[in-house]
1. What is the spin-label model distance, in nm, from residue 198 to residue 185 if the labels are put 7 Å beyond Cα along the C-beta direction?
2. How far apart, in nm, are two points set 7 Å out from the Cα along the Cα-to-Cβ line at residue 177 and at residue 137?
3. Once you wrap a convex hull around the alpha carbon atoms of the range 32-190, what is its projected area averaged over all directions, in nm²?
4. Could you order peptides 195-206, 50-61, 144-155 by the average number of other Cβ atoms within 10 Å of their residues, highest first?
5. Taking 41 Å as R0, compute the FRET efficiency from the Cβ-Cβ separation of residue 91 and residue 58 and round it to 0.05.
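Read the figures in this text as sums done on the coordinates, not as results from a lab. All values reported here derive from a predicted model rather than from experimental measurement. In this analysis, Cβ positions are derived from the backbone assuming ideal geometry, glycine residues included, and neighbour counts consider all displayed protein chains.
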């Protein structure tokens, strides 16, 4: 039995670990980006693992697949990017305690772009307040569409970047059943078997401050 010196053994182990990590990232394909953190107990997600959200607006159709709690695969206009999103918190950002990726470069065969995806829940105390927010002007403009249960999706290229926004509207801790301006055929969520499912439950019992960067 050969004896390996401790120092050499550490070098061999480090090299093997680096090779493993490199091959893992490479296997994820073009557009892959590592997540910067783990999901926190207070994180408010929208999509169950294995679900797919599809939305159509003035920019075309986008699909979002929840590969895991924090990894999403975005497909739009012939492009695809797998992104590891980071949880916000512990303070809310304009009401959000969801997940996001900021100013990350993505690329694939024949394209290169910077995208900013986000996923979160927003909480209101009544339907009127939720509908005002849904119908309001947002920066960046993403031509959002939503359904009666409060799932809202928007995406657009703005200021040289691709912005993708997935939100679940909650009213007094519950999902709505009807919202003014809803387009149920334009935004859907399905499970692994292709059947319609619900988004994740609302995590907060009532209204929060959605107007500022934190509280």
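1. Result for the modelled spin labels: 2.6 nm.
2. Using points 7 Å along Cα→Cβ, the separation is 3.6 nm.
3. 8.9 nm²
4. Working: 195-206: 14.2, 50-61: 16.6, 144-155: 22.9.
So the peptides 195-206, 50-61, 144-155, ranked by packing, come out 144-155, 50-61, 195-206.
5. Once rounded, the FRET efficiency stands at 0.75.
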